[in-house]
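What follows draws every value from the coordinates through simple rules; no lab data is involved. Keep in mind that what you see is a predicted model, and the values were worked out from it rather than measured. Neighbour counts are summed over all protein chains in view; Cβ atoms, including those assigned to glycine, are modelled from backbone coordinates with ideal geometry.
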Amino acid sequence: MDFFPVFSHYLKDYIDASIVHPVRAELVESKPYSNSIILMHIDSPKFYDDFKVILFKFMPRMPNNSVIIFQDFFYHWSATLIAAVGILLDKNYIEITQTAASSLACTVIKDIELNDAIEIDSLMKKNASELEVFIDKAIEHCRNIKRDKFDRPNQFFQRLGIAKAQYMHENGNIDGCNRILHNIIKFCEAHKGTAVEHQMAADITKLKKFNYSIRKLYELDHNI
């Protein structure tokens, strides 16, 4: 389906007022239309390789106090994106303001220059065990979100652990993956019969269904 006319229809007033400029393009072909971006809502890529385009092209145009929303940050296939956000949080480029379902809202608190993006990119090229450290940093920052700013933490916080387990399994650390999933299953047992248990069980089932990786499906979808 072609969603562009649907998008244009529902945002017609904003388009006519030149508040929104709709563009249909692949991410790698997208270009900033302003030198200053105060709000960026990212329908989060599943892999860092896609987010890298945003890191280099768009984030250096975000001044202090601008807002960035990572949609589907709390998602069991988003491990390398979670790692990249972990670096941004740990190095104080951004800070968390709140969550909404699977989305993470952050504020930019330090300018990201080109050299910063290059440094972050080099960190993301580390081996799997080193990237797990960055996932842990993201998890730790999310653990410290105030309860009144965290939407359904019992359901969505556990997703970060599942994402780390997926990444470990995909990179050959089966024992580490199983340890994490064992703890999450115990957590689910403590919430038996609730929406939390059903959601976690569904996520783990999906991991197993696709053998802990959607890379091949992703490449087919993007003609890689």
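Would you please name the GluC sites (Glu not before Pro) within region 1-110 that are DSSP coil residues with at most 11 other C-beta atoms within 10 Å of their C-beta? Present the calculation step by step, with values, prior to reporting the outcome.
Working: sites: GLU26, GLU29, GLU95; in loops: GLU26.
When the GluC sites (Glu not before Pro) of region 1-110 are filtered for loop state and at most 11 Cβ neighbours within 10 Å, GLU26 remain.
Full-extension gain between ALA100 and ALA190, please, as 0.36 nm times their residue separation minus the C-alpha to C-alpha distance.
Working: separation 90, 0.36 × 90 = 32.40 nm, distance 2.39 nm.
Result for the pair: 30.0 nm of gain on full extension.
By per-residue mean of other Cβ atoms within 10 Å, what is the highest-first order of 214-220, 88-94?
Details: 214-220: 12.9, 88-94: 18.7.
Sorting 214-220, 88-94 by mean packing, highest first, produces 88-94, 214-220.
Output the relative contact order of the chain, whole-number percent, from Cα pairs under 8 angstrom with separation of 6+ residues. Write down the numbers at each step before the final one.
Numbers: 291 pairs, mean separation 37.1, N = 224.
Normalised by residue count, the contact order of the chain is 17 percent.
Could you tell me the center-to-center distance, by alpha carbons, between region 100-155 and region 61-96 in angstrom?
Between the Cα centres of region 100-155 and region 61-96 lies a distance of 5 Å.
If you build a Gaussian network model of the chain, linking Cα atoms that sit under 10 Å apart, which residue out of PRO22, PRO153, PRO63 swings the most?
Looking only at PRO22, PRO153, PRO63, the largest GNM fluctuation is found for PRO22.
Considering only DSSP beta bridges with both partners in the chain, what is the antiparallel share in %, to the nearest 5? Before the final figure, lay out the partial values.
On the way: 10 of 15 bridges.
That works out to approximately 65 percent antiparallel.
Can you work out the FRET efficiency for the pair ASN211 and ASN127, with r the C-beta to C-beta distance and R0 = 30 Å, to the nearest 0.05?
Details: r = 21 Å, r/R0 = 0.72.
Efficiency for this residue pair is about 0.90.
Run the helix sum for the chain: -39,500 (n - 2.57) per DSSP H stretch of 4+ residues, divided by residue count, reported at 222 nm to the nearest 500 deg cm²/dmol.
Working: 10 runs with 117 residues, N = 224.
Computed mean residue ellipticity for the chain: -16000 deg cm²/dmol.
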